[in-house]
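For reference, the structure discussed in these notes is given below.
The values are calculated or read from the model by the stated rules, or taken from the named source; none is laboratory data. Keep in mind the model is a prediction, meaning the values are calculated, not measured. Heads up, the Cβs are rebuilt from the backbone with ideal geometry, glycines too, and the neighbour counts pull from every protein chain shown. These accessible areas exclude ligands, DNA and RNA; they are computed on the full protein's heavy atoms, side chains included. Shrake-Rupley method; radii C 1.70, N 1.55, O 1.52, S 1.80 Å.
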Amino acid sequence: MTQAELKLCSLLLREYFGDIVEAIGAFLIRSGPQPLRLIVADTGLLLDQVKKALCVLIQHNLVGYQVQKRGLVEYEARCWRVLRILRYPRYIYTAKSLYGDTGELLVEELLLNGHMSMSALVRKVADRLTETMEDGKTMDYSEVANTFVCLVDTHFVQRCPLVPEGLDAPEVPPPPAPTLVLNEKDMYVVPRLNLVGKGKRRRSCEEEDGEHQAKKQKQDGGSTEPPPDDGIYWQVNIDRFHQHFRDQAIVSAVANRMDQTSSEIVRTMLRMSEVTTSSSAPYTQPLSSNEIFRSLPAGYNIGKQVLDQYLTLLADDPLEFVGKARDSGGGMFTVNLHKALASLATATLESIVEERFGSRCARIFRLLLRKKYLEQKQVEDFAMIPAKEAKDMLYRMLSENLVALQEIPKTPDHAPSRTFYLYTVNVPAAARMLLHRCYKSVANLMERRHYESRENKRLLEKSQRVEAILASLQATGAGDTQLQDIEEMITGPERHQLDTLKRNVNKLDASETQVDETIFVLESFIESTVRRP
């Protein structure tokens, strides 16, 4: 855990959950697994506050717990899971692009609440969709439930671990904390629910709403019957979203290197094996050319012979995104996921070198990637760059840890005059260094965004008050003159300052998203190298 990761985790926890949860989470990240007593003593917070903060963190899967041998329960922060909060907007946007507004709200509610039961989630999303519809229109529960089933079938949503039933004997005392288990067969099994009803709108009058809530509480208190899916909770499957992001990046890379038809063939291969292939697998499942031909989209009118030619071109490409597993049945083809991730990470490194040091440094960097090991004189000759400039560029990249120096001594004394000095690129090490810098960049962007909002706090509050007054006046049918008088409460310079602030905050938000895309590519590549035997 680097300082940059710790700082970014603290900023994310504070922004989404507040200061108390941030204090508990940052303490657990720094100190490792700790029991409740030590957390209370070291953070200086009240016991009730610590318990509530831990409940929030466990609810969102950001903290786990484990019972030790002596019966002590220790809580441990999941740093990698906290860093995924940065990617929440991307998960929601992906669900919207695949399953529309209903899918977007389903994933958004699951991310906001950590985990929910299907019945509660469907009702809440149906109510939210009804709020956005025209008067007289409502959203049926069945439509929302169908979208939820689609998300589960494609593994974007999965069941949460449960407490096993019937294992605790009455004479044996219960454990200090329950052990959660999950049967893999039931992970994507949706319970059969008869959800009949439509979404409801909120009442405009808060007093009527309060009376309605009181009546509802009385009704709920009178009926003790639990919902049919009581105890079955669902959560977002982050690994499945990451698999989708990886597949999209591979398809885009193939389209840039070859053409649109090649990328559509690779997309079809990835789509056919997206559920059957785990996110950590080095290859997709082998597919025959006949299976790929039958699964191509209807809009691509290419013959079987043309498809075979495309598959042969993809298999013979030096990047080896597609490999030929067997020759039986016209050939069995797979997508080499690890090599694809290595190519994406290498392209990211090359782009960063070119942006920071210029095209000549990028030429040297690509040369070292291709030739593996070169002396300084060889770099000058192959890159066709003058000795002085080549030396300066190599030393600049060496000081930034983008290039490594390998010493090969001729004699045991390692005398400089009798030693070969070879330049090389250690791609995993360079990727880790750049990943650390990306974490630092995101933390800086978040701090800058908070600073901008803090410096203009008074103006933002005034703008919100004016907007609230305008909304209430429009609801009561006020005239244009009255509305214009309220709008003029914000002067011209203040409005210009608000526009500048909004533009700056949008730029910072977009920059965070762009840096996170680089983080995803580098993280995926590093994980693939670690898992490789």
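Results, tabulated for the structure shown:
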{"quantity": "Any hit, the stretch 2-25, residues being outside any helix (DSSP H, G or I), surrounded by fewer than 20 Cβ atoms within 10 Å (Cβ to Cβ) and touching a strand residue (DSSP E or B) at 6+ places or on another chain (Cβ under 9 Å)", "calculated": "no"}
{"quantity": "Residues located in the stretch 30-57, provided they are under 21 Å from Ala177 (Cα atoms) and β-branched (Val, Ile, Thr)", "calculated": "Ile39, Val40, Val50, Val56"}
{"quantity": "Within the stretch 62-133, helices (runs of 4 or more DSSP H) holding 1 or more residues that are more than 30 Å from Ala443 (Cα to Cα)", "calculated": "88-113, 118-132"}
{"quantity": "Residue check for Leu522: modelled with pLDDT of 90 or more, crowded, with 16+ Cβ neighbours inside 10 Å and not polar (S, T, N, Q)", "calculated": "yes"}
{"quantity": "Residue satisfying all of: in the stretch 375-434; of a type in the set (Val, Ile, Thr) and not in a helix (DSSP H, G or I); most open to solvent (accessible area, probe 1.4 Å) among these", "calculated": "Ile408"}
{"quantity": "Lone qualifier among Thr346, Thr261, Thr268, Thr284 - being open to solvent by less than 60 Å² (accessible area, probe 1.4 Å), free of Cβ contacts under 8 Å to residues at least 60 places away in the same chain, of a type in the set (Val, Ile, Thr) and farther than 27 Å from His155 by Cβ", "calculated": "Thr261"}
{"quantity": "Residue identified as more than 30 Å from Val73 (Cα to Cα), out of contact with any strand residue (DSSP E or B) (no Cβ under 9 Å at 6 or more places or on another chain), modelled with pLDDT of 75 or more and surrounded by 15 or more Cβ atoms within 10 Å (Cβ to Cβ) among Asp140, Asp153, Asp101", "calculated": "Asp101"}
{"quantity": "Qualifying residue in the stretch 316-336 (condition: assigned to a helix (DSSP H, G or I), open to solvent by less than 20 Å² (accessible area, probe 1.4 Å), of a type outside the set (Phe, Trp, Tyr) and touching a residue at least 40 places away in the same chain (Cβ under 8 Å))", "calculated": "no"}
{"quantity": "Filtered residues of the stretch 70-98 (kept if open to solvent by 30 Å² or more (accessible area, probe 1.4 Å), in contact with a strand residue (DSSP E or B) (Cβ under 7 Å, 6 or more places away or on another chain) and either farther than 17 Å from Leu8 by Cα or of a type in the set (S, T, N, Q) (or both))", "calculated": "Leu72, Glu74, Tyr75, Glu76"}
